[in-house]
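Chemist: Before we start, here is the structure in question, set down as structure tokens.
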Amino acid sequence: MPSFDIVSQVDKQEVKNAVDQTNKEVQNRFDFKGSDARVEQNELVLTVFADDDFKLGQVMDVLRTRLAKRNVDARTLEAGAIEKISGDKVKRPVTIKVGIAQDKAKQIQKLVKDSKLKVAPSIQGDAVRISGSKKDDLQAAIQLVRTSVTDIPVQFINFRD
């Protein structure tokens, strides 16, 4: 029976490359000379450091630009609260969300079931699997999800006949 999976994932190597490019640009920019602005990465948690809130915002803008150029969707970023560290320096944790949350997966499952397409959605961990008897029904389900789900980036993988 033909099927495919709906997932939300990012390429970790592209994230690492974007962080490296951000750090290089921040080191070379004149307005950051002598400041302690940088981005550190620990798996899928980034920590942005800067001297004040304004520079923190600028580093975040550079990071978003670099991620966008490397095809990492900005909707995967979840910025935490700004924390004060020694003196005027601030830091901000930024989490990269991977996988479809359980409540969002249930919404996608309900959306597909309510569409009256002849497909069967099922939740498989942090992915949603859609099975159907015809490829055309599966392609219609892809179009439905692509147009309806806009708050998280979704990819369609493992298309099987």
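Chemist: Looking at region 108-160, which of its residues are more than 29 Å from residue 74 (Cβ to Cβ) and either in contact with a Ser or Thr (Cβ under 9 Å, 6 or more places away or on another chain) or in the same structural domain as residue 78 (by TED's automatic domain parsing) (or both)?
Modeler: Scanning region 108-160 gives 118, 119, 120, 122, 131, 132, 160.
Chemist: Against the definition (of a type outside the set (S, T, N, Q), outside any helix (DSSP H, G or I) and surrounded by 13 or more Cβ atoms within 10 Å (Cβ to Cβ)), how does residue 72 come out, yes or no?
Modeler: Criteria met by residue 72.
Chemist: Could you tell me how many of the residues in region 18-36 are assigned to a loop (DSSP other than H, G, I, E, B) and either over 17 Å from residue 57 (Cβ atoms) or of a type in the set (Asp, Glu) (or both)? Steps first, answer last, please.
Modeler: Going through region 18-36, the residues assigned to a loop (DSSP other than H, G, I, E, B) turn out to be 29, 33-36.
The next check asks that each one be either over 17 Å from residue 57 (Cβ atoms) or of a type in the set (Asp, Glu) (or both); those that pass are 33-34, 36.
Of the residues in that region, 3 qualify.
Chemist: Go through the residues of region 5-17 one by one and say whether even a single one is under 22 Å from the mean Cα position of the chain (by Cα), buried (at least 17 other Cβ atoms within 10 Å of the Cβ) and assigned to a helix (DSSP H, G or I).
Modeler: yes
Chemist: Do you know which residues across region 37-57 are under 24 Å from residue 13 (Cα atoms) and part of a loop (DSSP other than H, G, I, E, B)?
Modeler: Matches in region 37-57: 37, 43, 44.
The values are calculated or read from the model by the stated rules, or taken from the named source; none is laboratory data. These figures come from a predicted structure and were not determined experimentally. Cβ: placed from backbone, ideal geometry, glycine included. Neighbour counts: every protein chain shown.
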